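The values are calculated or read from the model by the stated rules, or taken from the named source; none is laboratory data. Predicted model only: the values in this text are computed from it and were never measured. Here the Cβ positions follow ideal geometry from the backbone for every residue, glycine too, while neighbour counts run over all protein chains shown.
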There are 2 protein chains.
Amino acid sequence: MINTLYLPELREMLAEKSADQLGDFCTALHPARTAEFMEGLLDDEVFEVLSYAEPNVRTDIFSYFPLEKQVSMIQSQDRRSVAELVADLAPDDRVDLLEEVNDKIVDEILQLLPVEERRDIIRLRSYPEDTAGAIMTTEVAKLDENLTVREALDELARQSEELETIYYLYVVDQTDHLRGIVSARQLVSQLAKSDTRLKDLMESDLSTVNVLDDQEEVALKVAHYDLLAIPVVDAKQRLMGIITHDDVIDVVREEATEDAHRIAGVDPLEQSYIKTNILTLSYKRGIWLTILFCAALLTAYALGHYEESLAHTAWLKWFIPLVISTGGNSGSQSSTLVITALAMKDVRLHDWLLVIKRELQMGFLLGTMLAAIGFVAAYFSLGTGSISDALVIPITVLLVVVSGTLLGATLPLLFLRLGLDPALMSSPFVAGIIDILGIVIYMNVALLMLV
Amino acid sequence: MINTLYLPELREMLAEKSADQLGDFCTALHPARTAEFMEGLLDDEVFEVLSYAEPNVRTDIFSYFPLEKQVSMIQSQDRRSVAELVADLAPDDRVDLLEEVNDKIVDEILQLLPVEERRDIIRLRSYPEDTAGAIMTTEVAKLDENLTVREALDELARQSEELETIYYLYVVDQTDHLRGIVSARQLVSQLAKSDTRLKDLMESDLSTVNVLDDQEEVALKVAHYDLLAIPVVDAKQRLMGIITHDDVIDVVREEATEDAHRIAGVDPLEQSYIKTNILTLSYKRGIWLTILFCAALLTAYALGHYEESLAHTAWLKWFIPLVISTGGNSGSQSSTLVITALAMKDVRLHDWLLVIKRELQMGFLLGTMLAAIGFVAAYFSLGTGSISDALVIPITVLLVVVSGTLLGATLPLLFLRLGLDPALMSSPFVAGIIDILGIVIYMNVALLMLV
């Protein structure tokens, strides 16, 4: 929903080139809301409004536009002004942004940037996707371990111009090796003893991550230790950057969505659903659908194998979908519960026996309940009046539900044990296996009961 | 995995009552790691070790133990020492903790607490679950709007004793109405002009949430504005507390898990998988399984209705599971993609036409591909040599996949339009509808082709 409330006034101010009013507009509200009010403007108009704002306000507002709008402005506006804007953006955000921009334009912009910014962008772009290096920011409050509290505060006031927010102060030696951290709270509460040195104040038992660590590991560490930001170091413990809480929230949401996609048998998307190209999306769904389709072909051969019983008792085939979908549903419940519990670290591999015990209990409870409904439905719909005929359905349902819960719970654990992502053991995959198993169970129960 | 590395040393120090060494152990490492090293100790031993730590270190370490261990210590240890510890815990954490403790013991502990702490706990416990009030902390840096920067720093140094971390400084009037915020960075960079008043420095365009707002709304707001913490106000704009980034990460993970459970047809659990009672879990799964089972019974009646064609052509029934599971898989892919895209706000309700167009395209692409495989498999396995016989399978597969993608994508959108949670339109539910539709399509294609 685009907010059009301010558009007429903004266009009027632009026509009059009213610098004061436009400057006020840019600073009056939270930058996120200012951006919202401008979403209805054309790229040229937005860029003109932004030219009336102070540089740091301009980048703040710009960063709250939707990514597509940012990209289209970067690509359409004067390269030199764009380069000025890019130079002021947060280091991690601008790398993500340039990722989406046409390569030729990126090259032109890079050449117009100050050498330090250019190097920083090139370095950050070199880290593989989904690693700590790729999501970290290089804007970090670095302080020399020999500074006193008073000197540190002065240095911080100087650095704070360039920093988005001060989370922790990172204490380094002369060659940038990370030695410890001091919190803003500690610094403030030491104001009375302002000649204490940072190295005597700092906390030196630190949680850090390596630039090449997986982003999911980073998110788990930050969540576990309740950190505002975690320092990223290279193999030699040199401070490369930090990853802040807001990026961690993004990672957590991204990983949860990836798991949900895997559970549904979709290879995780790299972009949002709407932005993913139809062919890419078809490929990511198609590989799984094809595997599952081929597995389902086996059910046809299985049924062919039991043709004799099926031909003999007409009603047997009517309940095939019921048997199959009941097994699939109970299996996908179990696999999703176990996969999400593993992701939240509520369940660990060594809990396997407990998980199997619980799923067996649940399988029997749920299976018995559904079997009772199945018996009543089968008895009245068959109309043969034979109890042993009608018993085929409930016995099959009970066995299928128990197998479903058991397989659904153990297959993700098995995958984890093999060092694979448990979410790969998706619900449709579990359901595919249970389809075949369900038919075998159903036909054998029928062979035993229908004599 | 319990870390047993330090256990012998710790037990020796306890036997010797070596206060210095135990005090050192408590402060040497990050409290999370100290807690890890003590996980193998008995409750009595842990509590004894903690008695050698400073009160704030003690609560820090305590808060990193797993919840069950915290609860068992609260329930087993001397009430008076427990009350001392509880009084020092973060207000939001201790409320969550007491939620798990036996009510009788909670009452005994409450009576031993200072009156202010007791009132705070009772008030926080009164907010409904999943609201902002229930997850906020009441520990917040509140400063009067008339203070100067210098006075504010002094006041802050005083308050910082009681605060976990300083996020933003909240500026209030004399009756606690929230007027604005000042960041730690602003305060530090204004050190030179230390007689500026907070009211001239503060940002007054604020994002706030109401105590009764849903936690999911809170998480979206914090993520959207990239906030460290969001202030919680009552209807009269009085500052009640703040919700911090770490609690937001927990909410995001919790909500993602709830969505995953709904997608798999499990009513969301209130506790972790392992801690949920078997009967509760069976109920939460059973209601959905029963609904789906009854829907699947309809497939049996549908097949009974087509008995004539089925009896006439034996191989028709062999492909029933294939048709049904292919429809279900493509439908559950689509519904999961749309549900997760809605949760991430990548897709909104007004995008419905675009979503339908994309799913139709994808349905035709994927359906055609699977139909081709299906044709080859059917042609060779039937062995009748009749092309028109073998064509029944591919035509059915194409139609079923297109219906599956279309229904899977539109049903969650329809639910959202009706004001319901789109994740309720779970994959098994979509699959249940497609099962019946699939059989109707299959039988009618067969009637048309097999003349």
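Residue check: is residue B:272 of a type in the set (Gly, Ala, Ser), facing chain A (nearest Cβ under 7 Å), in contact (Cβ under 8 Å) with a residue 12 or more places away in the chain and surrounded by fewer than 19 Cβ atoms within 10 Å (Cβ to Cβ)?
On the way: of a type in the set (Gly, Ala, Ser): yes; facing chain A (nearest Cβ under 7 Å): yes; in contact (Cβ under 8 Å) with a residue 12 or more places away in the chain: no; surrounded by fewer than 19 Cβ atoms within 10 Å (Cβ to Cβ): yes.
Spelling it out, it is not the case that residue B:272 is of a type in the set (Gly, Ala, Ser), facing chain A (nearest Cβ under 7 Å), in contact (Cβ under 8 Å) with a residue 12 or more places away in the chain and surrounded by fewer than 19 Cβ atoms within 10 Å (Cβ to Cβ).
What is the number of the single condition among (1) of a type outside the set (Val, Ile, Thr); (2) within 7 Å of another protein chain (Cβ to nearest Cβ); (3) touching a residue at least 12 places away in the same chain (Cβ under 8 Å) that residue A:334 does not meet?
The one condition residue A:334 does not meet is (2).
Which pairs have Cβ atoms under 7 Å, sit 6 or more apart or on different chains, and link a residue in region A:27-39 that is outside any loop (DSSP other than H, G, I, E, B) to one that is among the hydroxyl-bearing types (Ser, Thr, Tyr)?
A:31/A:64; A:32/A:64; A:32/B:225; A:35/A:64; A:37/A:6
Residues to consider are B:402, B:376; find the one that is at pLDDT 90 or above, β-branched (Val, Ile, Thr) and either surrounded by fewer than 17 Cβ atoms within 10 Å (Cβ to Cβ) or more than 24 Å from residue B:319 (Cα to Cα) (or both). Spell out how you get there, then give the answer.
Values: B:402 fails: either surrounded by fewer than 17 Cβ atoms within 10 Å (Cβ to Cβ) or more than 24 Å from residue B:319 (Cα to Cα) (or both).
Exactly one of B:402, B:376 is at pLDDT 90 or above, β-branched (Val, Ile, Thr) and either surrounded by fewer than 17 Cβ atoms within 10 Å (Cβ to Cβ) or more than 24 Å from residue B:319 (Cα to Cα) (or both), namely B:376.
Keeping to region B:405-446, report how many residues are at pLDDT below 90 and of a type in the set (S, T, N, Q).
The total comes to 2.
Considering region A:183-239 alone, what residues qualify as being more than 8 Å from chain B (Cβ to nearest Cβ), among the polar types (S, T, N, Q) and within 27 Å of residue B:187 (Cα to Cα)?
Matches in region A:183-239: A:186, A:190, A:194, A:196, A:204.
Restricting to region A:279-309, name every residue that is at the interface with chain B (Cβ under 7 Å from one of its Cβ atoms), touching a residue at least 60 places away in the same chain (Cβ under 8 Å) and hydrophobic (A, V, I, L, M, F, W, C).
A:292, A:296, A:303
So which residues in region B:7-48 are more than 14 Å from every other protein chain (Cβ to nearest Cβ), under 21 Å from residue A:203 (Cβ atoms) and touching a Ser or Thr at 6+ places or on another chain (Cβ under 9 Å)? Reasoning before the result, please.
Taking region B:7-48 and keeping what is more than 14 Å from every other protein chain (Cβ to nearest Cβ), we get B:7-23, B:38, B:40-48.
From what is left, the residues that are under 21 Å from residue A:203 (Cβ atoms) are B:20-23, B:38.
Selection gives B:22 alone.
For region A:344-352, indicate whether the set of residues that are within 35 Å of the chain's Cα centre (by Cα), within 12 Å of chain B (Cβ to nearest Cβ), closer than 17 Å to residue B:279 by Cα and in contact (Cβ under 8 Å) with a residue 40 or more places away in the chain is non-empty.
no
Output the number of the condition that residue B:242 fails; it satisfies all remaining conditions of (1) at the interface with chain A (Cβ under 7 Å from one of its Cβ atoms); (2) buried (at least 19 other Cβ atoms within 10 Å of the Cβ).
(1)
So residue A:52 fits all but one of (1) surrounded by 15 or more Cβ atoms within 10 Å (Cβ to Cβ); (2) part of a helix (DSSP H, G or I); what number is the exception?
The one condition residue A:52 does not meet is (2).
For region B:179-192, give me each residue that is at pLDDT 75 or above and farther than 17 Å from residue B:155 by Cβ.
If the condition is that a residue be at pLDDT 75 or above and farther than 17 Å from residue B:155 by Cβ, then no residue fits.
Taking residue A:116 as the residue in question, decide whether it is in contact (Cβ under 8 Å) with a residue 12 or more places away in the chain, of a type in the set (Asp, Glu) and not assigned by TED's automatic domain parsing to the domain that holds residue A:156. Quick ask: steps written out before the conclusion?
Values: in contact (Cβ under 8 Å) with a residue 12 or more places away in the chain: no; of a type in the set (Asp, Glu): yes; not assigned by TED's automatic domain parsing to the domain that holds residue A:156: yes.
Spelling it out, it is not the case that residue A:116 is in contact (Cβ under 8 Å) with a residue 12 or more places away in the chain, of a type in the set (Asp, Glu) and not assigned by TED's automatic domain parsing to the domain that holds residue A:156.
Could you pull out the residue among B:355, B:401, B:376 that is part of a helix (DSSP H, G or I) and touching a residue at least 60 places away in the same chain (Cβ under 8 Å)? Give the derivation first.
On the way: B:355 fails: touching a residue at least 60 places away in the same chain (Cβ under 8 Å); B:376 fails: touching a residue at least 60 places away in the same chain (Cβ under 8 Å).
Exactly one of B:355, B:401, B:376 is part of a helix (DSSP H, G or I) and touching a residue at least 60 places away in the same chain (Cβ under 8 Å), namely B:401.
Just for region A:245-265: of the residues that are acidic (Asp, Glu) and either under 17 Å from residue A:345 (Cα atoms) or more than 7 Å from chain B (Cβ to nearest Cβ) (or both), which one is farthest from the chain's Cα centre (by Cα)?
Going residue by residue through region A:245-265, those that are acidic (Asp, Glu) are A:246-247, A:250, A:254-255, A:258-259.
Now narrow it down to the ones that are either under 17 Å from residue A:345 (Cα atoms) or more than 7 Å from chain B (Cβ to nearest Cβ) (or both): A:247, A:250, A:254-255, A:258-259.
On the way: A:247: 11, A:250: 7, A:254: 1, A:255: 3, A:258: 6, A:259: 8 Å.
Taking the candidates together, the pick is A:247.
Matching residues to (1) basic (Lys, Arg); (2) closer than 21 Å to residue A:55 by Cβ; (3) surrounded by 19 or more Cβ atoms within 10 Å (Cβ to Cβ):
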residue	(1), (2), (3)
A:105	no, no, no
A:117	no, yes, no
A:130	no, no, no
A:175	no, no, no
A:185	yes, no, yes
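Could you tell me which of the residues B:266, B:248 is outside any helix (DSSP H, G or I) and among the aliphatic types (A, V, I, L, M)? Before the answer, list the steps.
Details: B:248 fails: outside any helix (DSSP H, G or I).
Exactly one residue qualifies, and that residue is B:266.
Among the residues of region B:250-257, is any aliphatic (A, V, I, L, M), modelled with pLDDT of 90 or more and not assigned by TED's automatic domain parsing to the domain that holds residue B:288? Steps first, please.
Within region B:250-257, the subset aliphatic (A, V, I, L, M) is B:251-252, B:256.
Next cut, modelled with pLDDT of 90 or more only: none.
Among the residues of region B:250-257, not one is aliphatic (A, V, I, L, M), modelled with pLDDT of 90 or more and not assigned by TED's automatic domain parsing to the domain that holds residue B:288, which makes the answer no.
Matching residues to (1) polar (S, T, N, Q); (2) over 20 Å from residue A:258 (Cβ atoms):
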| site | (1), (2) |
| --- | --- |
| B:333 | yes, no |
| B:336 | yes, no |
| B:347 | no, no |
| B:351 | no, yes |
| B:360 | no, yes |
| B:366 | no, yes |
| B:372 | no, yes |
| B:376 | no, yes |
| B:381 | yes, yes |
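Let's see how each residue does on (1) at pLDDT 90 or above; (2) buried (at least 24 other Cβ atoms within 10 Å of the Cβ); (3) not acidic (Asp, Glu):
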{"position": "B:296", "(1), (2), (3)": "no, yes, yes"}
{"position": "B:302", "(1), (2), (3)": "no, no, yes"}
{"position": "B:306", "(1), (2), (3)": "no, no, yes"}
{"position": "B:323", "(1), (2), (3)": "yes, yes, yes"}
{"position": "B:339", "(1), (2), (3)": "no, yes, yes"}
{"position": "B:343", "(1), (2), (3)": "no, no, yes"}
{"position": "B:348", "(1), (2), (3)": "no, no, yes"}
{"position": "B:363", "(1), (2), (3)": "yes, yes, yes"}
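Starting from region B:219-232, take each residue that is touching a residue at least 60 places away in the same chain (Cβ under 8 Å) and surrounded by 20 or more Cβ atoms within 10 Å (Cβ to Cβ) and list its partners that are in a loop (DSSP other than H, G, I, E, B) and of a type outside the set (S, T, N, Q), counting only C-beta distances under 8 angstrom and pairs at least six apart or across chains.
B:228/A:228; B:228/B:167; B:229/B:167; B:231/B:140; B:231/B:206; B:232/B:136; B:232/B:211
Please go through (1) farther than 15 Å from residue B:135 by Cα; (2) crowded, with 16+ Cβ neighbours inside 10 Å; (3) among the small types (Gly, Ala, Ser) for residue B:235 and return the number of the only condition it doesn't satisfy.
For residue B:235, the exception is condition (2).
Before we move on, is residue A:92 under 20 Å from residue A:113 (Cα atoms), surrounded by 20 or more Cβ atoms within 10 Å (Cβ to Cβ), under 30 Å from the mean Cα position of the chain (by Cα) and among the acidic types (Asp, Glu)? Let's see the steps before the verdict.
Values: under 20 Å from residue A:113 (Cα atoms): yes; surrounded by 20 or more Cβ atoms within 10 Å (Cβ to Cβ): yes; under 30 Å from the mean Cα position of the chain (by Cα): yes; among the acidic types (Asp, Glu): yes.
Yes.
Residue-by-condition table, conditions (1) over 32 Å from the mean Cα position of the chain (by Cα); (2) under 28 Å from residue B:253 (Cα atoms); (3) outside the structural domain of residue A:215 (by TED's automatic domain parsing); (4) in a helix (DSSP H, G or I):
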| residue | (1), (2), (3), (4) |
| --- | --- |
| A:334 | no, yes, yes, yes |
| A:395 | yes, no, yes, yes |
| A:412 | no, yes, yes, yes |
| A:420 | no, yes, yes, no |
| A:432 | no, no, yes, yes |
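Mind listing whichever residues of region A:191-219 are assigned to a helix (DSSP H, G or I) and of a type in the set (A, V, I, L, M, F, W, C)?
Looking only at region A:191-219, we keep the residues that are assigned to a helix (DSSP H, G or I), and these are A:191-193, A:198-201, A:215-219.
Across region A:191-219, the qualifying residues are A:191, A:192, A:198, A:201, A:218, A:219.
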